[in-house]
1. Just the ratio, please: alpha-carbon radius of gyration of the chain over 2.2 N^0.38 Å, N its number of residues.
2. Based on the Cβ-Cβ distance of Tyr33 and Glu126, what FRET efficiency does E = 1/(1 + (r/R0)^6) give at R0 = 41 Å, to the nearest 0.05?
3. Compute the angle between helix 64-76 and the longest alpha-carbon principal axis of the chain, please, reported from 0 to 90 degrees and rounded to the nearest 10.
4. Out of residues 5 or more away from Asp85 or on other chains, whose amide H comes under 5 Å of its own, with H placed 1.01 Å from N in the peptide plane?
5. Kindly report the accessible area of the chain per residue (heavy atoms of protein chains, probe 1.4 Å, no ligands, DNA or RNA), in Å².
6. Output the Kirkwood hydrodynamic radius of the range 74-156, Cα pairs only, in Å rounded to one decimal.
7. Given the options Gln99, Gly52, Ala24, identify the residue whose Cα lies farthest towards the positive end of the charge dipole of the chain (+1 on Cβ of Lys, Arg; -1 on Cβ of Asp, Glu).
8. May I ask you to order 34-41, 60-67 by the average number of other C-beta atoms within 10 Å around their residues, highest value first?
Amino acid sequence: MAKAADGHVGVVAGLVRASFLVNAVYAESAREYGITAQQGQLLCVLMAQPYGMRELGGILHLAKSSLTELVDRSAQRGLVRREPDPRDGRAVRVALTGQGAELADAFYAATCARIDELPSSLEPGERDALGRLLGRVVEDNQVPVVFMEPADATAR
């Protein structure tokens with residue numbers, strides 16, 4: 001799995017190593033904001049809109065008990081709140097509080113800036129190509145939007 005003399009790695013190794021790289025940046029940002037990486041993920045997902053617990057579990061790939069613990073810890077810190085689901089009286093949705101929205105915005109901006117630096121050695125055309133190719137990979141695999149594009153976050 002070592003890289004070739006010309007610097008190329010295979011698709012599998014490249015994607016796995018890139019995911020480790022992004023996860024490390026995410027964890028570093030979370031530590032600086034005094035939250036866990038999972039809380040950072042939760043806040044970023046909720047930036048778009050409130051979600052029901054079942055939806056959140058699917059998006060974050062968490063078991064019900066793990067998600068409940070995450071939401072409980074985040075609610076105790078005043079970052080999220082549970083609210084009735086207007087479509088289903090038995091269900092609840094999770095939404096950002098004012099404090100949670102402020103933290104989410106700051107965490108999101110800092111994390112985007114760090115991640116944007118990762119491919120800094122690429123030329124603009126290469127960055128565009130990388131974005132298009134990664135976009136196809138996530139679309140083809142129906143990856144939910146867990147992290148908005150910076151322009152989308154600014155527009156909300």
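The values are calculated or read from the model by the stated rules, or taken from the named source; none is laboratory data. Nothing here was measured: the structure is a model prediction, and the numbers come from that model. Here the Cβ is made from the backbone with ideal geometry for all residues, glycine too, and neighbour counts use every protein chain on show. Note: areas computed on protein heavy atoms with side chains; ligands, DNA, RNA excluded. Shrake-Rupley method; radii C 1.70, N 1.55, O 1.52, S 1.80 Å.
1. Details: Rg = 17.4 Å, N = 156, 2.2 N^0.38 = 15.0 Å.
Here the answer is 1.16, to two decimals.
2. Plugging the Cβ-Cβ distance into 1/(1 + (r/R0)^6) gives 0.85.
3. For helix 64-76, the angle is close to 70 degrees.
4. Those lying under 5 Å, H to H, from Asp85 are Ala91, Val92, Arg93.
5. Numbers: 10080 Å² over 156 residues.
Using a 1.4 Å probe on heavy atoms only, each residue of the chain averages 65 Å².
6. For the range 74-156, inverting the mean 1/r across all distinct Cα pairs yields 15.6 Å.
7. Towards the positive end, the residue furthest out is Gly52.
8. Values: 34-41: 18.5, 60-67: 13.6.
Descending packing order for the listed peptides: 34-41, 60-67.
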